[in-house]
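Asker: Starting off with a structure, shown below.
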Amino acid sequence: MQKTGGSVAAFIAGVAPAKRRRDAETVVALMREITGREPELWGTIIGFGSCHYRYPTGTEGDVPIAAFAPRRQATTVYLLDTGAHAGALAQLGPHDTGAGCLYIKDLEAVDTEVLRTMIAEDYRRVVAGETGTATYTITG
């Protein structure tokens with residue numbers, strides 16, 4: 001994955017429906033506050049900071065340290081492992097999950113402090129190198 005250098009503001013302005021655009025603006029502010037970094041476009045993903053990961057299998061690549069994507073059906077927040085957040089997810093409010101994805105259909109329906117805690121914990125783990133099987137090297 002690579003940064004595409006596009007305008008985050010222009011990208012968000014084109015997000016539909018309006019509820020998803022509103023949620024994207026809120027998540028940008030939340031992640032900016034948590035990370036202390038400015039948002040950058042990685043295709044259709046909005047990322048904060050960058051790192052290089054490597055698994056023991058040899059699989060490697062570059063990804064944002066914290067990221068989300070405003071998709072038509074839901075806002076996708078990327079996490080290291082949703083299973084590690086079971087307690088927080090039980091308190092979050094309406095959502096769906098995948099292995100490393102948290103899907104939120106309406107940000108106003110969830111507890112944003114719980115969301116903040118999950119994002120901040122994953123960000124801290126990547127920066128501290130406490131990610132489990134993969135190694136992450138901060139590159140930006």
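Asker: Would you work out the charge dipole size for the chain about its Cα centre, treating the Cβ of every Lys and Arg as +1 and the Cβ of every Asp and Glu as -1, and quote it to the nearest 20 debye? Spell out each step's value before the answer.
Answerer: Numbers: 14 positive and 16 negative charges, 74 e Å.
For this selection, approximately 360 debye.
Asker: Stretch ARG32-ALA16 to full length: gain in nm at 0.36 nm per residue minus the Cα-Cα span? Mind showing how you got there, number by number?
Answerer: Numbers: separation 16, 0.36 × 16 = 5.76 nm, distance 2.18 nm.
Length difference between fully extended and current span is 3.6 nm.
Asker: For region 8-138, take the convex hull of the Cα atoms, compute a quarter of its surface area, and give me that in nm², please. Each step should come with its number before you reach the end.
Answerer: Details: hull surface 29.7 nm².
Taking the Cα atoms of region 8-138, their convex hull projects to 7.4 nm² on average.
Asker: By how many nm would the segment from ILE138 to TYR103 grow when fully extended, if each residue of separation counts as 0.36 nm and the alpha-carbon distance is taken off?
Answerer: Values: separation 35, 0.36 × 35 = 12.60 nm, distance 2.58 nm.
Net length gain for the segment: 10.0 nm.
Asker: OK, next. Once both labels are modelled 7 Å past Cα along the beta-carbon direction, what's the ALA90-ARG124 spacing in nm?
Answerer: 2.0
Asker: Where the convex hull is taken over the Cα atoms of region 9-73, what is its projected area averaged over directions, in nm²? Display every interim value, and only then the final one.
Answerer: Numbers: hull surface 20.1 nm².
Convex hull of Cα atoms, orientation-averaged projection: 5.0 nm².
Asker: Which value at 222 nm does the chain reach when only helices count, each DSSP H run of 4 or more adding -39,500 (n - 2.57), with the total divided by all residues and rounded to the nearest 500 deg cm²/dmol?
Answerer: On the way: 4 runs with 48 residues, N = 140.
The per-residue figure over the chain is -10500 deg cm²/dmol.
A short reminder: the numbers here are calculations on the coordinates, not readings from a lab. Nothing here was measured: the structure is a model prediction, and the numbers come from that model. Glycine also receives a Cβ, built like all others from the backbone with ideal geometry; neighbour counts cover every protein chain displayed.
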